[in-house]
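Contents: one structure, followed by commentary.
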Amino acid sequence: MTRNSKLARQRVAAIVAGLAEAYPQAHCALEHSDIWQLLVATILSAQCTDARVNLVTPGLFRQYPGPAETARLTPEQLEPEIRSTGFYRNKAKSIVGAARRIVNEYTGKVPNTMEALLTLPGVARKTANVVLGVGYGIAGGIVVDTHVQRISQRLELTPNEAPEKIERDLMALIPQDQWIAFSHRVIAHGRQCCTARSPKCRACPIESLCFSPDKTV
Ligand code: SF4
């Protein structure tokens, strides 16, 4: 396969298949027991590791298990519980605001459409895609986090920097029935192999399909 064929469907299909073979069990690492908790954990995961979020959420969900309990709080009351995840003032405002809207407008149930999710405070496409894909099993789009952003660029699946544009490019290339799993697998690849610094290209399962100048082989 040559550089000239880099955007060929055949190459994209080989990348999708290679990642599927290498990371068959890849899944969302944020612990949750319902879709509300998934939404909260995803909001908390901005600029924070999933491991740190998973340390914070058990205590948080014991005290405030659902949107009804959370909607009764002020953001200031929630802040101490989530302080260690960073950006806690904005996150507290988003979580309490989302809880109130879900209680008042959606009968206490996290909505299951992109359009409705984007009306919740603090919810942009990335969070909405996690809720739809992981929570509801709906392929509404492709989660573009820092790993998906970096690896999509390295694999020349997109020339863009903005997550929304990267997502649009990926949605045009990847079959829709692969959107949810593709995000999980690329994130796993980013954590285990295609790291931001010194990617482990010798061990990369899709090395022959990658023409990135960042390659270490
Ligand atoms: S060859 Fe290296 S840079 Fe390319 S996808 Fe694999 S780990 Fe990443």
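Residue check: Trp179 meets all listed conditions (1) touching a residue at least 60 places away in the same chain (Cβ under 8 Å); (2) buried (at least 21 other Cβ atoms within 10 Å of the Cβ); (3) aromatic (Phe, Trp, Tyr) but one, namely (1). Find all pairs meeting these conditions: Cβ atoms under 7 angstrom apart; at least six residues apart or on different chains; first residue within segment 1-27 and more than 12 Å from His184 (Cβ to Cβ); second residue at pLDDT below 60 and of a type outside the set (Asp, Glu). Cβ pairs passing all conditions: Arg11/Met1; Arg11/Ser5.
Pairs are defined by a Cβ separation below 7 Å, a sequence spacing of at least 6 or placement on different chains, a first member in segment 193-217 that is on the phi > 0 side of the Ramachandran plot, and a second member that is polar (S, T, N, Q) and within 8 Å of the ligand (Cβ to nearest atom); the pairs so defined are Ser198/Thr216.
Only one of Arg197, Arg191 is within 15 Å of the ligand (Cβ to nearest atom), surrounded by fewer than 20 Cβ atoms within 10 Å (Cβ to Cβ), modelled with pLDDT of 95 or more and in a helix (DSSP H, G or I). Can you tell me which?
Going through Arg197, Arg191 in turn, just one is within 15 Å of the ligand (Cβ to nearest atom), surrounded by fewer than 20 Cβ atoms within 10 Å (Cβ to Cβ), modelled with pLDDT of 95 or more and in a helix (DSSP H, G or I): Arg191.
Scanning segment 201-217 for residues that are charged (D, E, K, R) and more than 6 Å from the ligand (Cβ to nearest atom) yields one hit, Arg202. Looking at segment 141-149, can you tell me whether even one residue there is assigned to a loop (DSSP other than H, G, I, E, B), in contact with a Gly (Cβ under 7 Å, 6 or more places away or on another chain) and of a type outside the set (Ser, Thr, Tyr)? The answer is yes; a qualifying residue exists.
Please tell me if Ala162 is among the small types (Gly, Ala, Ser) and either closer than 23 Å to Glu21 by Cα or in contact with a Gly (Cβ under 9 Å, 6 or more places away or on another chain) (or both). So Ala162 fails the test. Considering each residue of segment 22-33 in turn, none proves to be surrounded by fewer than 17 Cβ atoms within 10 Å (Cβ to Cβ) and assigned to a helix (DSSP H, G or I). Candidates Gly140, Gly97: the one that is surrounded by fewer than 20 Cβ atoms within 10 Å (Cβ to Cβ) and in contact with a Leu (Cβ under 9 Å, 6 or more places away or on another chain) is Gly97. Of the candidates Leu30, Leu44, Leu39, the single residue that is touching a Lys or Arg at 6+ places or on another chain (Cβ under 9 Å) and of a type in the set (A, V, I, L, M, F, W, C) is Leu44.
All conditions in (1) over 18 Å from Arg11 (Cα atoms); (2) β-branched (Val, Ile, Thr); (3) part of a helix (DSSP H, G or I) hold for Val186, with the sole exception of (1).
Across segment 123-175, which residue is farthest from Leu44 (Cα to Cα) among those that are among the acidic types (Asp, Glu) and within 16 Å of the ligand (Cβ to nearest atom)? Quick ask: steps written out before the conclusion?
Initial filter on segment 123-175 (among the acidic types (Asp, Glu)): 145, 156, 161, 164, 167, 169.
With within 16 Å of the ligand (Cβ to nearest atom) added as a condition, the list becomes 145, 156.
On the way: Asp145: 14, Glu156: 30 Å.
Among them, the one singled out is Glu156.
Between Thr158, Thr107, Thr119, the distinction of being crowded, with 18+ Cβ neighbours inside 10 Å and assigned to a loop (DSSP other than H, G, I, E, B) belongs to Thr158 only. So which residues in segment 176-188 are within 15 Å of the ligand (Cβ to nearest atom) and charged (D, E, K, R)? Listed by number, the list holds a single entry, Arg185. Just to be sure, is Glu167 assigned to a loop (DSSP other than H, G, I, E, B), charged (D, E, K, R) and surrounded by 15 or more Cβ atoms within 10 Å (Cβ to Cβ)? No.
The values are calculated or read from the model by the stated rules, or taken from the named source; none is laboratory data. From a predicted model like this one, the values you see are computed outputs, not experimental measurements. Methodologically, a virtual Cβ is constructed for each residue, glycine included, from the backbone with ideal geometry; neighbour enumeration extends over all protein chains shown.
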